[in-house]
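Q: Dropping the structure in here first, questions after.
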Ligand code: NAD
């Protein structure tokens, strides 16, 4: 069986313990590879390598650093098919989605920061004729990057690319549930000539490897994407150590639909924003609020289109809904559907595990599920489910729907559908979310700041914010007279 290896100091190596964890193919429910069960010793080795590599990498001319990173992006393009297949097998997502979203975006993340670093500038302040102040911006040191399982290579590169481009060396940990494409990436890093020790990838469990990364005194900055509960644990460890911290956490995103929307566009995009990647995208809209005069028509048509979504083998090009990422996650999603019923919700379609025939008979498939009849304040509508489950609720006024939208502890993203420009601005200003999409969803310009409000995170990533995050500044004041 294939063994994934750690990537430390430029070599692919076994964990010190020589112990491995099972890696499942969720579409089949079968173990298909082994993951290093690494620990603090491996993290310590990785940090030593990253420290040793820091001087050369951080002082390398930015054009050269950029060229190496661009080469990695080119190699991702070259191995596009192989990576998409690996991502689909590891995660359960339709291979069509890995091809259209995950893998292209991984290459785009690296290109964006590799080229962005060449345009980075720092400020100078002229204090009359008396002095010049300039800001000296330098890479912060060894960065710790930890990513989740839902968009494995996309989010892994989203963390490491700005750190590497800014001149930091990195100790990174992908999710133990989907480690394969980060492993394949380390092989591409070698091929691209990334100097040894610049990127180190330690595989293993969160409380063991992740915690050791957070606790290590020589890791100065932490960039984390994952659940809110984990984010809070990380903050509790890192804050007293005064580490720089960026946390991209969970969401419970509202999708607000007014009666004057472009009905067809709203409907087709809402199918995507509800069920893409089996609803396992932090930016999916799981609470749909529809203006009462459109509620019946929208709900009827939405249910019809949900029923038509092809569920099954993620490797079939026509599949729209693949497997959930693990048995544990499937059980969690099904338990929320049960809760929704207990809370008085009516299931209009879905609600059950799906038995797929053939190769995928043991896989973790759940029907896309649409629920009505729940209030905004019940647990189903307050807690993150992170699966193919949405609720639809009617509203009468802007004030009322803003109250619903803002009623959760989360504030990651929101989607607004209306042809009324003034209303679009009013609602955008009123919703407490870090990203608002008006008449679209998941349209991203990587220059924009990205991140959540409230319990959805702290800090902003994307654009200059991420490059700046991985640097530290000092002001140099030169007296002229
Ligand atoms: P998770 O928090 O369980 O795990 C994320 C990562 O943290 C994994 O690599 C895990 O091994 C590691 N980890 C776990 N415990 C740790 C600890 N004590 N110290 C350090 N690291 C630890 O999240 P998940 O289940 O992998 O991902 C799903 C969650 O991620 C959802 O809540 C989703 O909303 C969120 N997410 C957020 C964004 C965003 O941009 N805001 C993007 C994608 C996913």
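Q: Name the one entry in 27, 53 that is in a helix (DSSP H, G or I) and not assigned by TED's automatic domain parsing to the domain that holds residue 326. Reasoning before the result, please.
A: Details: 27 fails: in a helix (DSSP H, G or I).
None of the other options fit; the residue is 53.
Q: Here's another thing I want to ask about it. Scanning the stretch 373-419 for residues that are within 16 Å of the ligand (Cβ to nearest atom) and assigned to a strand (DSSP E or B), which turns out farthest from residue 432 (Cα to Cα)?
A: 389
Q: Right, another one. For the stretch 204-256, which residues satisfy the criterion of being part of a strand (DSSP E or B), closer than 15 Å to residue 149 by Cβ and more than 6 Å from the ligand (Cβ to nearest atom)?
A: Our first condition is that a residue be part of a strand (DSSP E or B); within the stretch 204-256, this holds for 219-225, 244-248, 253-256.
In the following step, the residues that additionally are closer than 15 Å to residue 149 by Cβ were identified as 224-225, 248.
If the condition is that a residue be part of a strand (DSSP E or B), closer than 15 Å to residue 149 by Cβ and more than 6 Å from the ligand (Cβ to nearest atom), then 224 is the only one that fits.
Q: Output the residue which, of all residues in the stretch 304-344 that are within 14 Å of the ligand (Cβ to nearest atom) and crowded, with 16+ Cβ neighbours inside 10 Å, is farthest from residue 276 (Cα to Cα).
A: Here the residue is 336.
Q: Kindly check whether there is at least one residue in the stretch 353-360 that is in a helix (DSSP H, G or I), away from the ligand (no atom under 16 Å from the Cβ) and buried (at least 16 other Cβ atoms within 10 Å of the Cβ). Break it down stepwise before answering.
A: Going through the stretch 353-360, the residues in a helix (DSSP H, G or I) turn out to be 358-360.
Still in the list and also away from the ligand (no atom under 16 Å from the Cβ): 358-360.
Filter once more, so that each one left must be buried (at least 16 other Cβ atoms within 10 Å of the Cβ): 360.
Checking the stretch 353-360: at least one residue is in a helix (DSSP H, G or I), away from the ligand (no atom under 16 Å from the Cβ) and buried (at least 16 other Cβ atoms within 10 Å of the Cβ).
Q: Another one. Is it fair to say residue 76 is buried (at least 22 other Cβ atoms within 10 Å of the Cβ) and either at pLDDT below 95 or assigned by TED's automatic domain parsing to the domain that holds residue 182 (or both)?
A: Details: buried (at least 22 other Cβ atoms within 10 Å of the Cβ): yes; either at pLDDT below 95 or assigned by TED's automatic domain parsing to the domain that holds residue 182 (or both): yes.
Considered against the rule, which asks whether it is buried (at least 22 other Cβ atoms within 10 Å of the Cβ) and either at pLDDT below 95 or assigned by TED's automatic domain parsing to the domain that holds residue 182 (or both), residue 76 comes out as yes.
Q: Still on this structure, I have one more. Considering (1) under 22 Å from the mean Cα position of the chain (by Cα); (2) assigned to a helix (DSSP H, G or I); (3) within 16 Å of the ligand (Cβ to nearest atom); (4) not assigned by TED's automatic domain parsing to the domain that holds residue 393, say which one residue 274 fails and leave the rest.
A: Result: residue 274 passes all but (4).
Q: Can you work out which of the residues in the stretch 400-419 that are touching a helix residue (DSSP H, G or I) at 6+ places or on another chain (Cβ under 9 Å) and surrounded by fewer than 20 Cβ atoms within 10 Å (Cβ to Cβ) is nearest to residue 373 (Cα to Cα)? Break it down stepwise before answering.
A: Kept after step one, since they are touching a helix residue (DSSP H, G or I) at 6+ places or on another chain (Cβ under 9 Å), are these residues of the stretch 400-419: 401-402, 404-410, 414-418.
Subset that is surrounded by fewer than 20 Cβ atoms within 10 Å (Cβ to Cβ): 404, 406-407, 409.
Numbers: 404: 14, 406: 19, 407: 17, 409: 22 Å.
For the stretch 400-419, the residue satisfying everything is 404.
Q: Being in contact (Cβ under 8 Å) with a residue 60 or more places away in the chain and in contact with a strand residue (DSSP E or B) (Cβ under 8 Å, 6 or more places away or on another chain) is the filter here; which residues of the stretch 96-126 pass it?
A: 120, 122
Q: Here is a further query. Please go through the stretch 160-192 and pick out each residue that is in a loop (DSSP other than H, G, I, E, B), in contact (Cβ under 8 Å) with a residue 60 or more places away in the chain and within 16 Å of the ligand (Cβ to nearest atom). Working first, answer last.
A: Quick first cut of the stretch 160-192, residues in a loop (DSSP other than H, G, I, E, B) only: 167-168, 174-179.
Now narrow it down to the ones that are in contact (Cβ under 8 Å) with a residue 60 or more places away in the chain: 167-168, 176-179.
Within the stretch 160-192, 176, 177, 178, 179 meet the criteria.
Q: Pull out all pairs, ordered by first then second residue, where Cβ-Cβ is under 6 Å, the residues are six or more apart or on different chains, the first lies in the stretch 394-407 and is in contact (Cβ under 8 Å) with a residue 40 or more places away in the chain, and the second is in a helix (DSSP H, G or I).
A: These pairs meet every condition: 394/292; 394/295; 395/401; 396/292.
Q: Could you check residue 477 against (1) assigned to a loop (DSSP other than H, G, I, E, B); (2) in contact with a strand residue (DSSP E or B) (Cβ under 7 Å, 6 or more places away or on another chain); (3) over 21 Å from residue 374 (Cβ atoms) and say which number it fails?
A: Every condition holds for residue 477 apart from (1).
Q: Check off (1) more than 12 Å from the ligand (Cβ to nearest atom); (2) in the same structural domain as residue 281 (by TED's automatic domain parsing); (3) in contact with a strand residue (DSSP E or B) (Cβ under 9 Å, 6 or more places away or on another chain) for residue 430 and give me the number that stays unchecked.
A: It fails just one condition, (3).
Q: Still on this structure: Could you please let me know if residue 83 is within 14 Å of the ligand (Cβ to nearest atom), in a helix (DSSP H, G or I) and out of contact with any strand residue (DSSP E or B) (no Cβ under 8 Å at 6 or more places or on another chain)? Full working, then the answer.
A: Details: within 14 Å of the ligand (Cβ to nearest atom): no; in a helix (DSSP H, G or I): yes; out of contact with any strand residue (DSSP E or B) (no Cβ under 8 Å at 6 or more places or on another chain): yes.
No, not satisfied.
The values are calculated or read from the model by the stated rules, or taken from the named source; none is laboratory data. Keep in mind the model is a prediction, meaning the values are calculated, not measured. All Cβ positions, even for glycine, are placed from backbone atoms using ideal geometry, and neighbour counts span all protein chains on display.
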